[in-house]
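Please read the structure below before turning to the comments.
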Amino acid sequence: MITQDLLDTYEAVKGDYDKLPWGKRPDEELWGLVDGLLLDLHLITHGYATEGYEKHIAKELKRLCADEGVIDRLRNMRL
């Protein structure tokens, strides 16, 4: 589940997983999901996605994120 804490960590290292100390690394698969969602949201914002894909990503955000605050934060992140 993507949480505010995970996004805090993500932003602290600007998405660079390798900059995290070994003992403080979150699940690498979850980290990759954040990367992918940010890319998807960027494509949507700039008009490179179909309406169907936008709906798919909206469902994925609800499925993967802890709450609406996390979804809003992801939508507004700029890295």
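Looking across region 7-29, just one residue is in contact with a helix residue (DSSP H, G or I) (Cβ under 7 Å, 6 or more places away or on another chain) and under 17 Å from R63 (Cα atoms), and that is L7.
Give the residues of region 48-66 that are surrounded by fewer than 13 Cβ atoms within 10 Å (Cβ to Cβ), among the charged types (D, E, K, R) and more than 13 Å from the chain's Cα centre (by Cα), sorted by residue number. Across region 48-66, the qualifying residues are E51, K55, K59. Of all residue pairs spaced 6 or more apart or on separate chains, those with beta-carbon atoms under 7 Å, a first member in region 40-52 that is over 16 Å from N76 (Cβ atoms) and a second member that is at pLDDT 95 or above are A49/L43. Scan region 40-79 for residues that are of a type in the set (D, E, K, R) and not in a helix (DSSP H, G or I) and the total you get is 2.
For region 1-29, residues that are open to solvent by less than 70 Å² (accessible area, probe 1.4 Å), part of a loop (DSSP other than H, G, I, E, B) and in contact (Cβ under 8 Å) with a residue 12 or more places away in the chain total 3.
The values are calculated or read from the model by the stated rules, or taken from the named source; none is laboratory data. Given the structure is predicted, the values throughout are model-derived calculations rather than measurements. Cβ: placed from backbone, ideal geometry, glycine included. Neighbour counts: every protein chain shown. These accessible areas exclude ligands, DNA and RNA; they are computed on the full protein's heavy atoms, side chains included. Shrake-Rupley method; radii C 1.70, N 1.55, O 1.52, S 1.80 Å.
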